[in-house]
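The values are calculated or read from the model by the stated rules, or taken from the named source; none is laboratory data. Every value quoted in this text rests on a predicted model; they were computed, and no experiment measured them. Methodologically, a virtual Cβ is constructed for each residue, glycine included, from the backbone with ideal geometry; neighbour enumeration extends over all protein chains shown. Ligands, DNA and RNA are excluded from the accessible area calculation, which covers all protein heavy atoms including side chains. Shrake-Rupley method; radii C 1.70, N 1.55, O 1.52, S 1.80 Å.
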Amino acid sequence: MSTPNGFPLHSGGCVTRSMEGGAVQDLQAKKAGKAAKTEAGDNGPLTFDDLPRVGTSLNEALKLLPGELKANMKIKSITPRPPRKPRLERAASLDEKSWRRWRRFRTSQESLTDPNDTSSSNGSLQEASLSPPIRGRASPCHQCCQQNSLHSCLPDASEAGPAGKSRGGPSDLGKRASEISSAFGGLLRGKAFAGGKPRLAQIMPARPLPPVELNVASHALRTANRIDSDCVDYLHYSQHKFGRVSSSLSDTRLHGNGVVYDSCSTDSMKSTFSLLTPIRSKDVRSRSYLEGSLLASGALLGAEELSRYFPDRNIGIFVATWNMQGQKELPINLDDFLLPTDPDYAQDMYVIGVQEGCPDRREWEIRLQETLGPHYVMLYSAAHGVLYMSVFIRRDLIWFCSEVEYATVTTRIVSQIKTKGALGICFTFFGTSFLFITSHFTSGDSKVNERKLDYNKTIQALTLPKNVPDTNPYRSSSSDVTTRFDEVFWFGDFNFRLNKDRETVDSILNQNPGTDVSKLLAYDQLTSEMSRGSIFKGFQEADIHFRPSYKFDIGKDSYDTTSKQRTPSYTDRVVFRSRYKDDIQAVKYSSCPGIKTSDHRPVFALFRVKVRPGRDNIPLAAGQFDRELYLIGIKRRITRELQKRREQKDQRSSSICSIS
């Protein structure tokens, strides 16, 4: 339906008529406290005193417009003005006036939008208006007037999108739109004349919204917006902690990138800071590695450093012994030997002693390094003939070790043949001294006395320590090397046998295929001699729950099937002693049946050892380790892993699928 003037009929619109020299007679405008004013041409201001009633049809109103409007006023078209430049306020983050204006437009949008209409707005307003909203419930007439005032106040309101063009003819509608645009304002825009209801678009504030406060982000939002911790959380933490921050990382840049964080986002800061305690400058000035006390904060080996690395002051030590029988062939995998699945965690220190070692000692050490991986370094290694000993330690603990010393003893009459004897390595870790001895005693079922002589010769002839001072010289003895150290571990092929014939031992083993070997230990020579105190005085041994480690057929799980029919025995042992009661706790004592390249099975033990703080007045190793071995072992570890993956890939690609 169209009006006589050619415009579409709009049932919800309102039209104003001018009266010369009249006052504003709008009752509803008076209730709102505002007078409807419009811009006039050369004839002066226009006033509206005879507003149509609410519900008056647009057809009747439009009949009054062409003659009277053209006779009484000269319509002036609106020229878009450039947007205003924002003023600089004192507040940097929140402009209170802009916030209030934004709230007013929010209220006007709600009042001018039909509550029953849920569709989205057509178009958008580019800048917020400064005119206050009409309070109270507005009639449709006032809605249109306010919409017109909003569009007239906005510089960009005259620019409508493609959806906001009038649907009349191009020439006729364009001419009439330019004449009465100031009077009808928003009615000529949007879809008002197309039968739709007038709606305002979402009003955006004149200035950017204030940045989000630091303490309002939820945990999920912080997680979703987590970025490099060096640029966000560390900055916020440093501002709070140290009171200064780099000028290149300001809050403006962080907020400009859309980063949301708060003072409680400690989850993303955990990886930023090291577990190492910060060092104060005055501590660095007074710190000396040559002198120190047990309780001084600057002592490298003192209580403070010890508590940082070991709060319970206990370390884990792995001690193993293996008679390799001089075999050139090494096991393919040493994981079951060095890294047993029980317990779950690796130890802090690994000490491996070998008797009748393989001809290529360096290759053996490389295999150890390859198995332990990059977390461990070889602190020291020594050899006495075919007796080898290697000490591996976690790489971050090498700074707390003293110089490493070693000594050897030959127990054979002919000293040139170094197959039997002892090899000792000692050092101090923090304030606790350690001595590790690996031995190969005289063999033979009945040569118990010869083995005791080997023991006595070792404790008397092993000249240790040399330069590293004794931690408790008042409890030391010149005739026994084991009394000059806090913790002593003695392991090797002691060659003590079971005083029983082969048939009886086999019957006991067949009756108890599990771990119940208590009947066999009743015939063990070493257990009997230790109980009498004739050997290994002051030493202890953990309970044995594994089968005899000697003598097996190579590559098999069966004991000696040769003509000699040697009796299975516990020849490979690990014993320990301590200056202080309960300093050493045995965690595990077992063998490794999976390694079958020798007639002996490797035997290992896991210990928890108490460590005490020390003084810095001892010769330190200063981070010494075998760097060349470390690089070779890690390179071989990577090479083997890549080769393994390549073989698995080739195996999958070469598999053939057959259909039967």
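Using the charge dipole of region 303-637 (Lys, Arg: +1 at Cβ; Asp, Glu: -1 at Cβ; taken about the Cα centre), state which of Gly353, Gly424, Thr463 has its Cα farthest towards the positive end. Checking the options against the dipole of region 303-637, the answer is Thr463. Cα centroids of region 358-411 and region 464-480: how far apart, whole angstrom? Cα centres, region 358-411 to region 464-480: 23 Å. When each of the peptides 447-457, 431-441 is scored by the mean number of other C-beta atoms lying within 10 Å of its residues, the order from highest to lowest reads 431-441, 447-457. Between Asp582 and Asp516, full extension at 0.36 nm per residue minus the direct alpha carbon distance yields a gain of 21.1 nm. Rg ratio for region 338-464: its Cα radius of gyration over 2.2 N^0.38 Å, N being its residue count, equals 1.15.
Calculated FRET efficiency, Asn467 to Ile632, Cβ-Cβ distance, R0 = 25 Å: about 0.25 to the nearest 0.05. So for region 375-441, considering every pair of alpha-carbon atoms, how many percent are separated by more than 21 Å? Of all Cα-Cα distances in region 375-441, 31 percent exceed 21 Å.
Over all other residues within a Cβ to Cβ distance under 12 Å of Ser531, the charged ones net out to -1, with Lys and Arg as +1 and Asp and Glu as -1.
In region 484-613, the alpha-carbon atoms span a convex hull of 123 Å³ per residue.
Shown in residue order for region 619-630 are the 3J(HN,Hα) couplings computed by the Karplus curve 6.51 cos²θ - 1.76 cosθ + 1.60 at θ = phi - 60°: x, 9, 6, 6, x, 6, 7, 7, 5, 4, 5, 4 Hz (x for Gly and Pro). The ratio of the alpha-carbon radius of gyration of region 433-541 to the globular-protein estimate 2.2 N^0.38 Å is 1.30. Dipole check for region 303-637: with +1 at the C-beta of Lys and Arg, -1 at the C-beta of Asp and Glu, and the Cα centre as origin, the magnitude is about 600 Debye. Using θ = phi - 60° in the Karplus curve 6.51 cos²θ - 1.76 cosθ + 1.60, the 3J(HN,Hα) couplings for region 305-311 round to 5, 5, 5, 5, 8, 9, x Hz; x is entered for Gly and Pro. Once the Cα-Cα distance is subtracted from the 0.36 nm per residue extended length, the Ser479 to Gln460 segment shows a gain of 6.3 nm. Site pair Gln540 and Ala383 shows an inter-label distance of 3.6 nm when each label is modelled 7 Å from Cα along Cα→Cβ. Measuring r between the beta carbons of Asp445 and Ser507 and using R0 = 22 Å, the FRET efficiency lands at 0.75.
Quick one: work out the % antiparallel among DSSP beta bridges in region 303-637, nearest 5. Looking only at bridges with both residues in region 303-637, the antiparallel portion is about 80 percent.
For region 303-637, the orientation-averaged shadow of the C-alpha convex hull comes to 16.8 nm² (one quarter of the hull surface). Computed packing ranks the peptides 368-377, 307-316 as 368-377, 307-316, most packed first, by mean other Cβ atoms within 10 Å.
Each peptide in 400-407, 421-428 was scored by the mean count of other Cβ atoms within 10 Å over its residues; highest first, the order is 421-428, 400-407.
Ligands, DNA and RNA left out, the accessible area of region 303-637 computed with a 1.4 Å probe is 47% carbon and sulfur.
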